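Below is one structure, written out as structure tokens; comments come after it.
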Amino acid sequence: MTQAGRSGKQNIAEGSEFASLKGYIKLLGVAKGSLTELTEDYEDYLRQKNLQLWKKDDLRIIKMREMRVLRDKDNNFTLPQFPHCPHDAELAANLLLTLCKKTTFLLDRQIKSLEEKFVKEGGYTEKLFRKRLENRNK
């Protein structure tokens with residue numbers, strides 16, 4: 001579980017540094033796969049410990065999904081609504097499960113957005129080729 005969580009985070013970070021949209025999209029897909037694996041691990045944990053997997057319409061889940069990262073007046077990130085990880089195993093697992101699902105949802109949106117950008121603007125190699133042609137034609 002630790003490795004799946006770490007892999008998800010690392011692939012998002014590494015992908016954002018790529019010059020290539022294709023590479024970025026690929027690493028976001030790998031990140032999504034890792035976080036999907038972690039989601040399944042949390043579901044297995046709850047089942048194996050005979051703990052309740054909360055439904056998405058459960059008020060506790062709704063409150064967790066409403067968490068937002070905020071910015072202060074200096075545009076710094078603040079996390080005033082972010083809960084401390086509870087000692088209650090069921091609550092902690094459901095909180096982390098909710099965060100995994102929220103992250104994979106956001107990754108889906110990011111991947112879709114990058115794919116649209118790739119279709120409109122082309123990839124890194126295409127952009128370099130266009131610049132090369134422009135330079136040659138001067």
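Based on what the data block shows, is residue 134 farther than 29 Å from residue 86 by Cβ, in a helix (DSSP H, G or I) and without any contact (Cβ under 8 Å) to a residue 60 or more places away in the chain? Taking the combined requirement at face value, the residue satisfies it.
Selection of segment 96-138 for residues being acidic (Asp, Glu) and over 24 Å from the mean Cα position of the chain (by Cα) yields 126, 134. Regarding residue 82, is this residue modelled with pLDDT under 90, assigned to a loop (DSSP other than H, G, I, E, B) and among the aromatic types (Phe, Trp, Tyr)? Against the criterion (modelled with pLDDT under 90, assigned to a loop (DSSP other than H, G, I, E, B) and among the aromatic types (Phe, Trp, Tyr)), residue 82 qualifies.
One line per residue, one yes/no per condition, for (1) within 29 Å of residue 2 (Cβ to Cβ); (2) modelled with pLDDT of 95 or more:
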{"position": "29", "(1), (2)": "yes, yes"}
{"position": "32", "(1), (2)": "yes, yes"}
{"position": "70", "(1), (2)": "yes, no"}
{"position": "73", "(1), (2)": "no, no"}
{"position": "77", "(1), (2)": "yes, no"}
{"position": "98", "(1), (2)": "yes, no"}
{"position": "125", "(1), (2)": "no, no"}
{"position": "128", "(1), (2)": "no, no"}
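Identify the residue in segment 12-39 that is surrounded by 14 or more Cβ atoms within 10 Å (Cβ to Cβ) and of a type in the set (Asp, Glu) and, among all such residues, is nearest to residue 101 (Cα to Cα). Looking at the filtered set, the residue picked out is 37.
Note on segment 57-67: residues that are part of a loop (DSSP other than H, G, I, E, B) and either modelled with pLDDT of 90 or more or of a type in the set (Val, Ile, Thr) (or both) total 2.
The values are calculated or read from the model by the stated rules, or taken from the named source; none is laboratory data. Note that the structure is a prediction, hence the values are computed from the model and not measured. Cβ sites come from the backbone with ideal geometry, for glycine too, and all protein chains shown count toward neighbours.
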